[in-house]
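The values are calculated or read from the model by the stated rules, or taken from the named source; none is laboratory data. Everything numeric here is computed off the predicted structure, so don't read it as measured data. Note that we place each Cβ from the backbone using ideal geometry, even for glycine, and neighbour counts take in every protein chain shown.
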Amino acid sequence: MTVAAEDDVSNVSGSSDLPLLSLRGISKNFGAVQALSGVDLDVPVGQVTALVGDNGAGKSTLIKCISGIWGPSSGDIYWSGKHVSIKTPRDADDLGIATVYQDLALCDNLDIVQNMFLGHEPLRHRLLDENEMESKAKSTLADLSVTTVKSVRQLVESLSGGQRQSVAVARAVMRDAKLVIMDEPTAALGVSQTAQVLALIRRLADRGIAVIVISHNLNDVFSVADRLAVMYLGRLVHTGPIAEYTPQSAVEIITTGTYVTSDSQSGSNSERPETAS
């Protein structure tokens with residue numbers, strides 16, 4: 001696992017391989033309550049970073065700071081190595097950050113096309129360009145290999161949970177998102193729908209899009225993630241490639257903030273130190 005305490009993002013990665021998003025010392029207070037404390041996190045391009053932790057660990061607060069819902073109380077945010085300020089959701093959208101919340105923010109009474117273009121409808125002769133909207137919606141879904149939707153003119157209320165997730169993600173991709181954040185994307189989904197959503201997440205990374213997934217389901221995390229980031233009581237305590245963890249070690253970090261490994265050669269036990277990138 002990596003340790004990174006530098007304030008300058010250029011010192012953390014090689015200049016030719018900077019993370020898309022870097023957080024340095026992000027803290028968030030709500031009055032006397034310290035929700036986040038000195039969070040350092042790198043999110044690489046084209047990889048899935050799973051953000052995990054118990055309830056109240058600070059995952060949602062961190063995501064809202066990245067998404068512009070709340071501004072951090074202190075700390076720095078870097079985008080492709082450049083210092084940026086994300087004060088509003090519009091700031092995040094302008095950078096290319098799209099967040100798919102658990103409720104998906106879809107309108108059940110509108111069809112797929114209308115949901116994908118809501119607030120960004122193209123006009124032709126001062127009228128909605130329905131042909132362009134429908135064509136682009138179809139091509140975006142096809143590019144993401146979403147094949148279970150019968151028609152892009154289906155009302156969203158008629159879609160399954162997995163199909164709704166696909167529409168929400170396609171909307172983000174269509175708007176040229178460079179980082180897609182997904183909050184509990186497989187919650188309340190069946191086995192087949194979960195498989196569809198996990199495959200969709202993998203396809204996003206394969207397209208060179210950075211993905212942050214918040215999930216309590218470690219089976220899903222270990223099947224789709226490239227990197228693991230574990231939060232505990234408002235701090236990011238461990239982060240690294242998913243191959244450096246097991247579900248058991250992840251549970252131990254989530255519940256205690258650290259974990260003990262056995263040295264099979266010496267027979268001694270050693271406590272793995274807290275790390276964060």
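Here are a few things to note about the model shown:
- Look at segment 73-96: where a residue is part of a helix (DSSP H, G or I) and a partner is of a type in the set (Phe, Trp, Tyr), sitting 6+ places away or on another chain with Cβ atoms under 9 Å, you get 95/79.
- Across segment 76-129, the number of residues qualifying as closer than 26 Å to residue 147 by Cβ and of a type in the set (S, T, N, Q) comes to 5.
- Residue in segment 179-201 that is outside any loop (DSSP other than H, G, I, E, B), in contact with a strand residue (DSSP E or B) (Cβ under 9 Å, 6 or more places away or on another chain) and polar (S, T, N, Q) present: no
- Per the listing 10, 22, 74, the residue uniquely over 19 Å from the mean Cα position of the chain (by Cα), among the hydroxyl-bearing types (Ser, Thr, Tyr) and at pLDDT 95 or above is 74.
- Neighbours by Cβ (under 7 Å, 6+ apart or cross-chain): first from segment 115-126, touching a residue at least 12 places away in the same chain (Cβ under 8 Å); second among the aliphatic types (A, V, I, L, M) and in a strand (DSSP E or B): 121/128
- Matching residues, segment 140-168, being of a type in the set (A, V, I, L, M, F, W, C), over 15 Å from residue 117 (Cβ atoms) and part of a helix (DSSP H, G or I): 142
- Just one of the numbered conditions (1) over 21 Å from the mean Cα position of the chain (by Cα); (2) surrounded by 22 or more Cβ atoms within 10 Å (Cβ to Cβ) is not true of residue 167: (1).
- Within segment 82-123, being in contact with a Cys (Cβ under 8 Å, 6 or more places away or on another chain) and not assigned by TED's automatic domain parsing to the domain that holds residue 171 holds for one residue alone: 86.
- So residue 32, is it surrounded by fewer than 18 Cβ atoms within 10 Å (Cβ to Cβ), more than 25 Å from residue 215 (Cβ to Cβ) and not β-branched (Val, Ile, Thr): yes
- The single condition among (1) part of a loop (DSSP other than H, G, I, E, B); (2) modelled with pLDDT of 95 or more; (3) not aromatic (Phe, Trp, Tyr) that residue 121 does not meet is (2).
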